[in-house]
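Here the structure comes first, spelled out in structure tokens, and everything after it is commentary.
The values are calculated or read from the model by the stated rules, or taken from the named source; none is laboratory data. Predicted model, so just to flag it, every value in this text is computed and none were measured. No Cβ is skipped: glycine too gets one built from the backbone with ideal geometry, and neighbour counts run over all protein chains shown.
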């Protein structure tokens, strides 16, 4: 039965969940796509739910203890990066040449500071490197070897290639190579692999963080929406914090994360209405599949997606954690 705190907005198969009247708020996602019960066995479903729950708890402990939203979203995303089930950090998929290239971003809604990294390898937690970029440099986005050199100077944690190796990920690469395809999914079902978190802290500040391993068999140089501020990640205390997951090229072309904030700021839409417009109308009409998580300045949370499912979890000041996968 749907929780009475949820306002379910369903239009053209879109599923939007809005939780109202919350002060503290935290939402996380682990990717969206075609996620059906028949294609996800009970053991694997339990593992995904446990992973989401653990990441949610990691971030919530910080918020509930009076910590800032930035720390909460970083901690939640780090937990997802450490879990090989999710396509970020340790669970990153393989590129065409058998490597791992990861992207991440983090943004503070209090002052619009942001940091991001793209196409980095052997970084254990790319989201923490993105935060270092935000706090220790004058830049927003660093990529490739330069970002890795900065990581060494900042004493970020590195891990050897075998840390990121997973047999089922490598089998996906081999299959994609045989079929001459670049795959946006990283499991037997179609799935867009990104993780993210958004939060509102007790001081009313918002933050967002996103991390991804990209696309299986992706060609050299491809960067998606995750590290692009305004496309896959955005936060502004005056409106909302957003983390996206889906077909990145469409989220880039629509500047999806910032579009949610713009609709709230300039058209006075509610968070749910703005998310419905971006995910259920703008992206859908272009053929862009996926979803996003968002929290507004009042602590309302929205988790819309136009695909068949999205790994997601959320918790507000009502004290009841929610974990969901499917679209119903």
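Key figures
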{"read-out": "Residue 156 vs. criteria in contact with a strand residue (DSSP E or B) (Cβ under 7 Å, 6 or more places away or on another chain), at pLDDT 95 or above and within 22 Å of residue 77 (Cα to Cα)", "value": "no"}
{"read-out": "Failed item, numbered, when residue 273 is tested on (1) without any contact (Cβ under 8 Å) to a residue 40 or more places away in the chain; (2) closer than 29 Å to residue 139 by Cβ; (3) out of contact with any helix residue (DSSP H, G or I) (no Cβ under 7 Å at 6 or more places or on another chain)", "value": "(2)"}
{"read-out": "Checking residue 278 against (1) more than 19 Å from the chain's Cα centre (by Cα); (2) more than 23 Å from residue 24 (Cβ to Cβ); (3) buried (at least 20 other Cβ atoms within 10 Å of the Cβ), the condition it does not meet", "value": "(1)"}
{"read-out": "Hits in segment 241-263 - residues which are in contact with a strand residue (DSSP E or B) (Cβ under 8 Å, 6 or more places away or on another chain), within 17 Å of residue 198 (Cα to Cα) and either in contact (Cβ under 8 Å) with a residue 60 or more places away in the chain or surrounded by fewer than 24 Cβ atoms within 10 Å (Cβ to Cβ) (or both)", "value": "241, 243, 245, 246, 258"}
{"read-out": "Set 292, 283, 315, 271: member being over 25 Å from residue 74 (Cα atoms) and at pLDDT 95 or above", "value": "283"}
{"read-out": "Selected residue (criterion: surrounded by the fewest Cβ atoms within 10 Å (Cβ to Cβ)) from residues of segment 51-90 that are within 19 Å of residue 148 (Cα to Cα) and modelled with pLDDT under 95", "value": "90"}
{"read-out": "Only one of 237, 201 that is more than 15 Å from the chain's Cα centre (by Cα), within 24 Å of residue 72 (Cα to Cα) and either surrounded by fewer than 22 Cβ atoms within 10 Å (Cβ to Cβ) or at pLDDT below 95 (or both)", "value": "237"}
